[in-house]
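Scroll down for the structure; my scribbles are underneath it.
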Amino acid sequence: MNFLEELKSLDINDIGRWPMPIQAFFMLLVFLIATAGSFWFFVWQTQMPRLEKAEAEERQLRTNFEGKQKKAANFTAYKAQLAEIERSFGTMLRQLPGKTEIPNLLVDISQTGLGAGLQEELFQPTDEIRKDFYAEKPIKIRLTGSYHEFGKFVSDIAALPRIVTLHDIEAVPKAKEATFDELVLNVTAKTYRYLDEEEVASAAAEEEAQSGRGKKSKARTTRETSKGNRKPKAGKKG
């Protein structure tokens, strides 16, 4: 009787009467199955989440390291770029006049129009508008002349050593039958100046004071509204 036929003849309910080699093989098989099950439960089910978490952390650390490595490699380029930005900013800042230079700049703008051959009908500087570190000075201008004279005026304004920008440009015929040699140009020119340290500090203090007044006003309005919403207490019955 071969091994397979001997296995078929065994009674599963009477293991004690099995031949010793088959009993040993069966016990080994049960042991291996139990060991595999224990490994799957205790190692795979318990340790795999930890392993996956560790792998995710490793990937994140690798990503962070690669990012920092790129930044370190580009640090020199960043420094050079920053230095170039600072130089450009300094150049632009030097093009902004100080407070005492504004009157002369206004004269230069007016003379530029006259030098282009235009007739000046209006030259009206308006109030300054303060920004973070500079102030802009709008000037309402009305000029009359030809189309080519207007072009020369715009070109000469751009060539001034200080920054002057033109806004709200409107060119219309001086009369119904007027030609390109008889035009009226309405434009707002804006020049800019830098604020000195005292002006910047004063503007910051004023902004802070306005913010404080706004908060107090809001709190007072809230209290008054709260008082107005209170119901009067009922009087005692006699």
Practice item. Could you tell me whether R94 is out of contact with any helix residue (DSSP H, G or I) (no Cβ under 8 Å at 6 or more places or on another chain), loosely packed, with under 10 Cβ neighbours inside 10 Å and modelled with pLDDT under 80? Key: no
Point to revise | Unmet criterion (only one of (1) under 30 Å from D181 (Cα atoms); (2) loosely packed, with under 13 Cβ neighbours inside 10 Å) for P103 | key: (1)
Check your understanding: Is it the case that the range 85-95 has a residue that's closer than 18 Å to K190 by Cα, of a type outside the set (A, V, I, L, M, F, W, C) and either in contact (Cβ under 8 Å) with a residue 40 or more places away in the chain or out of contact with any Pro (no Cβ under 7 Å at 6 or more places or on another chain) (or both)?
Key -> yes
Practice item. Quickly run through the range 132-181 and pick out the residues that are exposed (fewer than 11 other Cβ atoms within 10 Å of the Cβ) and farther than 19 Å from Y192 by Cβ. Key: E170, V172, A175, K176, E177
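The values are calculated or read from the model by the stated rules, or taken from the named source; none is laboratory data. The shown structure was predicted, so the numbers you read here are calculated from the model rather than taken from an experiment. Every residue, glycine among them, receives a Cβ derived from its backbone with ideal geometry; neighbour counts consider all protein chains shown.
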